[in-house]
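Peer 1: Before I ask anything, let me first share the structure, which is written out below as structure tokens.
Derivation of every value follows stated rules applied to the coordinates shown; laboratory data play no part. Here the structure is a predicted model, which is why all the values come from computation and not from measurement. As a convention, Cβ positions derive from the backbone with ideal geometry for all residues, glycine included, and neighbour counts pool all protein chains shown.
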Amino acid sequence: MERTGGVMIDPSEFEQRRSPSALREFVHARSEAIRANPDARELGTLKKGAYKKYVEELVPLSCFAVLAYPDSYEVQLVLGNQGFDARVFDEVGREVDRVEITAPHDGRAASQDAALVVERGFGKVSVGKPGEDFDRLVEHVLSICRKKACADYNECTLVVAIEPLQPFHGFEDRYESRVEALVSRIQQIPFKAKRVFLLVLPDRLEFVSSPQPRF
């Protein structure tokens with residue numbers, strides 16, 4: 001358990017079974033509290049300690065759950081090194097799904113940018129054409145997806161979570177075409193998974209694929 005300036009991050013809270021809406025409400029309330037507290041906000045930005053699990057798994061899980069499951073279900077993040085991140089239960093408590101979440105990003109660049117945000121209040125200033133930031137993200141997404149395709153997730157739903165910058169006004173079509181192109185490229189990767197989704201945080205879910213039939 002970590003207590004920072006009155007904001008408690010307790011990993012045991014992460015593993016409580018909640019309905020999709022209750023999980024999303026929990027994450028929303030906790031994120032608001034973290035943003036309002038300078039010490040906690042710094043730890044969250046740097047993904048220190050339990051904040052890493054919170055930012056990289058619990059937040060995207062909460063976004064995915066409300067889009068993918070009925071609210072009569074319950075979702076539970078599972079801490080540890082097992083081959084999945086969460087379990088999903090139906091109305092009678094029967095496990096009906098397991099979820100593996102991956103959040104592709106440029107780790108070194110993200111770490112450097114987070115340090116700048118903590119130090120001076122804003123990250124690296126980049127100049128480029130609209131959509132270039134998305135294009136840089138694509139290569140990281142495809143690289144991680146190829147690695148995930150080597151593992152056996154036949155009992156899991158694989159969720160690829162990304163959080164690109166929102167498009168500038170007037171460039172929405174260019175953004176849409178890039179998302180669609182990314183889905184198409186991910187579909188070419190032969191995953192061993194029950195289902196594969198692309199989650200564009202916070203609230204866009206794109207179905208990628210189901211397993212290829214076996215003969």
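Peer 1: Tally Lys/Arg at +1 and Asp/Glu at -1 over every other residue whose Cβ is under 9 Å from the Cβ of A22; what's the total?
Peer 2: In short, -1.
Peer 1: Also: Test of understanding: what is the full-extension gain from R185 to R17, defined as 0.36 nm times their sequence separation minus their Cα-Cα distance?
Peer 2: Full extension of this stretch gives 57.0 nm more.
Peer 1: Once every Cα of segment 12-100 carries one equal point scatterer and solvent is ignored, give the base-10 log of I(q)/I(0) from the Debye formula at q = 0.25 Å⁻¹, two decimals.
Peer 2: -1.26
Peer 1: How far apart, in nm, are the 7 Å Cα→Cβ label points at K52 and R204?
Peer 2: My value for the distance between the label points is 2.9 nm.
Peer 1: E176: net charge of surrounding residues, Cβ under 14 Å, Lys/Arg +1, Asp/Glu -1, itself excluded?
Peer 2: -1
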